[in-house]
Amino acid sequence: ATHGCKVIGVDVNEKVVDALNRGEITIEEPYLDIMVQAAVRSGNLIADTKPHEADAFIIAVPTPITEEKKADMSYVIAATETIVPYLRKGNIVILESTSPTGTVEKLIVPILEKSGFKIGEELYVGHSPERVLPGKILWELVNNNRIVGGINRISAEKIRDLYKIFVNGEIFLTTATTAEMCKLMENTFRDVNIALANELAKICENIGINAWEVIELANKHPRVNIHQPGPGVGGHCLAVDPWFIIEKNPDIAKIIELSRKTNDSMPKHVLNRIDEILKDIKRTKKISILGITYKPNIDDMRESPIIELIDLMDERDDYEVSVYDPYVKNHKYQAKDLIDVAKNSDLILLAVHHDDFKNLPLSDMAKVMRNKYFFDTRNFINREEVEEKGFKYILLGESKSLYRETCLNEVAATI
Ligand SMILES: NC(=O)C1=CN([C@@H]2O[C@H](COP(=O)(O)OP(=O)(O)OC[C@H]3O[C@@H](n4cnc5c(N)ncnc54)[C@H](O)[C@@H]3O)[C@@H](O)[C@H]2O)C=CC1
Ligand SMILES: CC(=O)N[C@@H]1[C@@H](OP(=O)(O)OP(=O)(O)OC[C@H]2O[C@@H](n3ccc(=O)[nH]c3=O)[C@H](O)[C@@H]2O)O[C@H](C(=O)O)[C@@H](O)[C@@H]1O
């Protein structure tokens, strides 16, 4: 809309539509409010609960997984069916939702055929996966390279020409099914690499060294890029998309499935570590959790591993939980500030590395706590600073064994 096109934003949620028409946004994303205001004011962006006739239709509805880890394609089916009555000869239809392989060819095309138009000749159809990173969406939307998979060459070319209106990155053409698999493998690549880092974290805890130090040093190799361990992988992308591959290839996608399970095991692993740290306390223990979103500096809690951790603690009667997240209001355990969250607590768990947590009021927090344990799952907080304030600092991916202490002393003595 800010590049001169007339855009109709269609959503079944009336609240989203009403907000957009007032020039307001319903998600947190840097600079999006300014851009939407400008687009609405220019008259180029309007929203409605029903589609209008148009030259091109872009489908970007949710593609979640069910409890059984199967792709839920109901939103894509519903949205595609909704546009059929509005289609005209020469229209372009693009699926942007991250989808299992074969979605365009086997699910969307048969629905679009109900329009009576010849697919690929009178209707141009394809998949152009969205690759933006939440928190950097507006920059990446324009500057990322894009893949366009058509059901035939002319479809891919027509879709490419549409994206050229606002994309500065390169646009690569392929088939619809290849484009679907590219998107799934991009997120799977990241998920598998994070699983490797999480496994390393557990191994290092086992042998008494620091995984973060191993990663930093190993990554000095020109062809090594180990990712960061943490309390688990969240979001509606990495925690979801690999399952689309596993569902269709259960006997082959073994590494992918094991990686998913490894990352999903991290909240339980964090709880096991807390059990071990607080094993001598026999009464109900209070845990203060800093951050519950799925990653830093955003308000999205979808598939957050911290929510999973809280659920695990809820199942136990020896834990009481208190939470503080500057991006979240209304969580059932939400404290009003960083002092309130620490009241009568036994352990602070740094779960999400929001920038807001860079300068914690550690002295004031320590004053209201019962025991002063600080468990950092992100290697985010300065160990010396925390220890200076009287806390015992514990880091995910590190177990300070006697062996490690002795080795470090020996190294220090040699230097
Ligand atoms: N959010 C992101 O940064 C990225 C999202 N994606 C993919 O894009 C797709 C959409 O994701 P999000 O925008 O994050 O989801 P979302 O849940 O934030 O928004 C989807 C919107 O679609 C609406 N909707 C549902 N059914 C509809 C229908 N039949 N007709 C019209 N509107 C309908 C919902 O009310 C909701 O407002 C997913 O497949 C996701 O994996 C891919 C890359 C990045
Ligand atoms: C390959 C890739 O980088 N995909 C991006 C990803 O966005 P998303 O916000 O889900 O990715 P993320 O920043 O890796 O975070 C996912 C999760 O992984 C965790 N995480 C991430 C990196 C890391 O080294 N260790 C780690 O534990 C994060 O804490 C978070 O819980 O998924 C998006 C999507 O598909 O929606 C996609 O558009 C984005 O480009």
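The values are calculated or read from the model by the stated rules, or taken from the named source; none is laboratory data. All of these numbers come straight from a predicted model, not from anything done at the bench. All Cβ positions, glycine included, derive from the backbone under ideal geometry; neighbour counts span all protein chains shown.
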Check: Would you pick out the residues in region 1-26 that are polar (S, T, N, Q) and out of contact with any strand residue (DSSP E or B) (no Cβ under 8 Å at 6 or more places or on another chain)?
Finding: Thr2, Asn13, Thr26
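Which of the following residues is of a type in the set (Lys, Arg) and touching a residue at least 12 places away in the same chain (Cβ under 8 Å): Arg273, Arg316?
On inspection, the qualifying residue turns out to be Arg273.
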Note to self: Could you check region 1-45 and list, in sequence order, the residues that are among the aliphatic types (A, V, I, L, M) and in a helix (DSSP H, G or I)?
What the structure shows: Val16, Val17, Ala19, Leu20, Leu32, Ile34, Met35, Val36, Ala38, Ala39, Val40
Checklist line | Identity of the residue in region 25-50, surrounded by 15 or more Cβ atoms within 10 Å (Cβ to Cβ) and in contact (Cβ under 8 Å) with a residue 40 or more places away in the chain, that ends up farthest from ligand 1 (Cβ to nearest atom) | finding: Asn44
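Would you point out which residue out of Ala38, Ala78 is farther than 30 Å from Pro250 by Cβ and of a type in the set (Gly, Ala, Ser)?
On the way: Ala78 fails: farther than 30 Å from Pro250 by Cβ.
Only one candidate qualifies: Ala38.
Please work out if Ala197 is among the small types (Gly, Ala, Ser), part of a helix (DSSP H, G or I) and touching a strand residue (DSSP E or B) at 6+ places or on another chain (Cβ under 9 Å).
Details: among the small types (Gly, Ala, Ser): yes; part of a helix (DSSP H, G or I): yes; touching a strand residue (DSSP E or B) at 6+ places or on another chain (Cβ under 9 Å): no.
It is false that Ala197 is among the small types (Gly, Ala, Ser), part of a helix (DSSP H, G or I) and touching a strand residue (DSSP E or B) at 6+ places or on another chain (Cβ under 9 Å).
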Notebook entry, point to check: Which residues, taken from region 304-360, are farther than 26 Å from Lys279 by Cα, outside any loop (DSSP other than H, G, I, E, B) and in contact with a Leu (Cβ under 7 Å, 6 or more places away or on another chain)?
Noted result: Phe357
Next item on the list: Output the residues belonging to region 220-237 that are without any contact (Cβ under 8 Å) to a residue 60 or more places away in the chain and surrounded by 23 or more Cβ atoms within 10 Å (Cβ to Cβ).
Entry: none
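Using the structure shown, decide if Ile292 is in contact (Cβ under 8 Å) with a residue 40 or more places away in the chain, closer than 17 Å to Phe375 by Cα and part of a loop (DSSP other than H, G, I, E, B). Don't jump to the end; show me each part of the working.
Working: in contact (Cβ under 8 Å) with a residue 40 or more places away in the chain: yes; closer than 17 Å to Phe375 by Cα: yes; part of a loop (DSSP other than H, G, I, E, B): yes.
In short, yes.
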Note to self: Could you tell me how many of the residues in region 134-171 are of a type outside the set (A, V, I, L, M, F, W, C), within 16 Å of ligand 1 (Cβ to nearest atom) and either outside any strand (DSSP E or B) or within 23 Å of the chain's Cα centre (by Cα) (or both)?
What the structure shows: 10
Note to self: Here is a list: Ile252, Ile215. Which entry is over 22 Å from Leu350 (Cα atoms) and more than 9 Å from ligand 2 (Cβ to nearest atom)?
What the structure shows: Ile252
Next item on the list: Residue by residue through region 238-255, note down the ones that are surrounded by fewer than 22 Cβ atoms within 10 Å (Cβ to Cβ) and under 13 Å from Arg190 (Cα atoms).
Entry: Ile255
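Would you point out the residue of region 115-133, among those that are closer than 30 Å to Ile298 by Cβ and either away from ligand 2 (no atom under 16 Å from the Cβ) or touching a residue at least 60 places away in the same chain (Cβ under 8 Å) (or both), that is surrounded by the most Cβ atoms within 10 Å (Cβ to Cβ)? Spell out the reasoning first.
At the first step, the residues of region 115-133 found to be closer than 30 Å to Ile298 by Cβ are 126-133.
Now drop any that are not either away from ligand 2 (no atom under 16 Å from the Cβ) or touching a residue at least 60 places away in the same chain (Cβ under 8 Å) (or both), which leaves 126, 130.
Working: Gly126: 28, Glu130: 16.
My answer is Gly126.
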Notebook entry, point to check: Does at least one position in region 196-208 carry a residue that is within 16 Å of ligand 2 (Cβ to nearest atom), out of contact with any helix residue (DSSP H, G or I) (no Cβ under 8 Å at 6 or more places or on another chain), in contact (Cβ under 8 Å) with a residue 12 or more places away in the chain and not β-branched (Val, Ile, Thr)?
Noted result: no
Notebook entry, point to check: Which of (1) at pLDDT 95 or above; (2) of a type in the set (D, E, K, R); (3) farther than 22 Å from Asp280 by Cβ is the odd one out, the single condition Lys329 does not satisfy?
Noted result: (1)
Check: Among the residues of region 124-145, is there at least one that is modelled with pLDDT of 95 or more, touching a Cys at 6+ places or on another chain (Cβ under 6 Å) and of a type outside the set (Ser, Thr, Tyr)?
Finding: no
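Please determine, by comparing only the residues of region 179-200 that are of a type outside the set (D, E, K, R) and away from ligand 1 (no atom under 16 Å from the Cβ), which one is surrounded by the most Cβ atoms within 10 Å (Cβ to Cβ).
So the first thing to find is which residues in region 179-200 are of a type outside the set (D, E, K, R), and the list is 179, 181-182, 184-185, 187-189, 192-198, 200.
Checking which are away from ligand 1 (no atom under 16 Å from the Cβ) leaves us with 192-198, 200.
Details: Val192: 20, Asn193: 15, Ile194: 22, Ala195: 25, Leu196: 16, Ala197: 20, Asn198: 27, Leu200: 19.
Only one residue tops the list, namely Asn198.
Which residues, taken from region 5-55, are within 16 Å of ligand 2 (Cβ to nearest atom) and among the hydrophobic types (A, V, I, L, M, F, W, C)? Show your work before the answer.
Quick first cut of region 5-55, residues within 16 Å of ligand 2 (Cβ to nearest atom) only: 27-30, 32.
Result: Ile27, Leu32.
Is it the case that Lys261 is more than 17 Å from Leu396 (Cα to Cα), within 16 Å of ligand 2 (Cβ to nearest atom), of a type in the set (Lys, Arg) and outside any loop (DSSP other than H, G, I, E, B)?
For Lys261, the condition - more than 17 Å from Leu396 (Cα to Cα), within 16 Å of ligand 2 (Cβ to nearest atom), of a type in the set (Lys, Arg) and outside any loop (DSSP other than H, G, I, E, B) - is met.
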